[in-house]
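Worksheet: the structure to be examined is printed underneath.
Any read-out appearing in this document is the output of simple, stated calculations on the displayed coordinates, not a laboratory observation. No experiment lies behind these values; they were computed from the predicted model shown. For neighbour counting, all protein chains shown are included, and Cβ atoms are generated from backbone atoms with ideal geometry for every residue, glycine included.
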Amino acid sequence: MYNNKQSNMLSARELLITHGIKLSKSMGQNFLVDLNIPKKIVQQSGINSSCGVLETGPGLGALTLELSKTASHVTAVELDKRLVPVLREMFHNQDNVSIIQGDILKLNIKELLDSTMPEQEHHVCANLPYNITTPAITAFIETNAFKSITVMIQKEVAQRITAKPGTPEYGAFTIYINYHTSPEKLFDVSPECFNPRPKVTSSVIKLETRQTKLLSTDEEKQFFKVVRAAFGQRRKTLVNALYSIFETSHTKESIKEKIEKCGFDARIRGEELSINDFIKLSSYL
């Protein structure tokens, strides 16, 4: 086991040289080199000794090491086959770390959790590769297996997740995340904290999973149908956007009446409605 982060990162670089590995831009490999950031992520994630943690894209293992000091178990999934032996060599003396080679978007996440840390309360904590941010977060939510999801992502995506109604960043993905979780932006991370440096600033966000569903399964389907319609043609008024989807069951006039019954102006656009407004509107429709 490594005694501190500095020695761990030094060993990682030496191992990369030993294994003849060069970093791959196509895999979105931007590795943390500011060793204060992983510690800060773990501290603010709320992870403790009772938690089993899924990490994807461990890279050189900086965040993995900090997680291993706090969590009961860490399962780290790495896509790059070249990095897997490096990580396994780094953590070979740590029984609470499992290094798995695979694509997180293709793995059965529940089976992975059951096989590597079946008794723990499950959380996600990861520096997500930028090119899989949205599908990865969606996959974590869809498993219904995690109490919280703490991830470092592009600042632009974090702004979409935490956006308020009426802002340019606000959209269907905002509502999807807020329907399933309570999101909180923790802090920003400068490009200088990575090697190689990305062209954008990153943000760390924490998503606390809602323990109680806001709607029944059938109501949920109707709700997201309304949301997709509203943002599918966001420049249109809500009346016109909804009519393009519901024209077989509603007239444009009946949609207008239902919008007005909800207390909204008939000329309103979907981007101006909150999640509770959409819940109310979907029940009327």
#### Entry: Above-threshold pairs, the threshold being 26 Å between Cα atoms, out of LYS40/LYS213; LYS164/LYS221; LYS213/LYS236; LYS39/LYS185; LYS39/LYS213; LYS69/LYS164
LYS40/LYS213; LYS213/LYS236; LYS39/LYS213; LYS69/LYS164
### Query
Under a straight-distance cross-link criterion of Cα-Cα below 17 Å, which aspartates and glutamates are reachable from LYS256, leaving out those fewer than 8 residues away in the same chain?
GLU247, ASP265, GLU271, GLU272, ASP277
#### Entry: Derived scalar couplings ³J(HN,Hα) [the range 111-117; Karplus, 6.51 cos²θ - 1.76 cosθ + 1.60; whole Hz; x for Gly, Pro]
5, 4, 5, 5, 7, 9, 8
### Query
Can you sort CYS262, CYS193 by how many other beta carbons sit within 10 Å, fewest first?
CYS262, CYS193
### Query
Considering only DSSP beta bridges whose two residues both sit in the chain, what percent are antiparallel, to the nearest 5?
45 percent
### Three-way shape call for the range 88-223 based on the alpha-carbon gyration tensor, with the a/c threshold at 1.5
oblate
### Query
Using alpha-carbon pairs under 8 Å, 6+ residues apart, how would you state the relative contact order of the range 5-209 in percent?
21 percent
### Task
Compute the Rg to Rh ratio over the range 217-285 from the alpha carbon atoms, using the Kirkwood formula for Rh, and round to two decimal places.
0.91
### Message
Using Cβ contacts closer than 10 Å as the measure, can you line up HIS92, HIS123 from fewest to most?
### Response
HIS92, HIS123
### Query
Using the Cβ atoms and a cut-off under 11 Å, what net charge is assigned to the surroundings of TYR179, where Lys and Arg are +1 and Asp and Glu are -1?
+1
### Query
Relative contact order of the range 30-93: what whole-number percent is it, with Cα pairs under 8 angstrom and at least 6 residues apart?
32 percent
### Message
Restricting to DSSP H runs of at least four residues, report the calculated mean residue ellipticity at 222 nm for the chain, -39500 (n - 2.57) per run over all residues, nearest 500 deg cm²/dmol.
### Response
-12500 deg cm²/dmol
### Task
List, in order, the whole-Hz ³J(HN,Hα) value for each residue of the range 234-246 obtained from phi through the Karplus relation with A = 6.51, B = -1.76, C = 1.60 and θ = phi - 60°; use x for Gly and Pro.
5, 7, 7, 5, 4, 4, 5, 5, 6, 4, 5, 9, 9
### Rounded to the nearest 20 debye, dipole of the chain from Cβ charges on Lys, Arg, Asp, Glu
760 debye
#### Entry: Top positive-direction residue, dipole computed over the chain with Cβ charges, set THR217, HIS73, TYR243
TYR243
### Query
Assuming a viscosity of 1.002 mPa s and a temperature of 20 °C, what translational diffusion coefficient in µm² per second does Stokes-Einstein assign to the chain, Rh being the Kirkwood radius over Cα pairs?
104 µm²/s
### Task
Just add up the charged neighbours of HIS73: K/R +1, D/E -1, any other residue whose Cβ is under 15 Å from the Cβ of HIS73.
-4
### Query
Got a sec? How would GLU253, GLU66 order by Cβ neighbour count within 10 Å, fewest to most?
GLU253, GLU66
### Task
Would you tally the net charge around VAL97, using a Cβ to Cβ cut-off of less than 13 Å, leaving VAL97 out, and scoring K and R as +1, D and E as -1?
-3
### Message
Explain nothing, just the number: relative contact order of the range 104-212, from Cα pairs under 8 Å at least 6 residues apart, as a whole percent.
### Response
26 percent
### Task
Just order 69-76, 228-235, 127-134 by mean Cβ neighbour count inside 10 Å, highest at the front, would you?
69-76, 127-134, 228-235
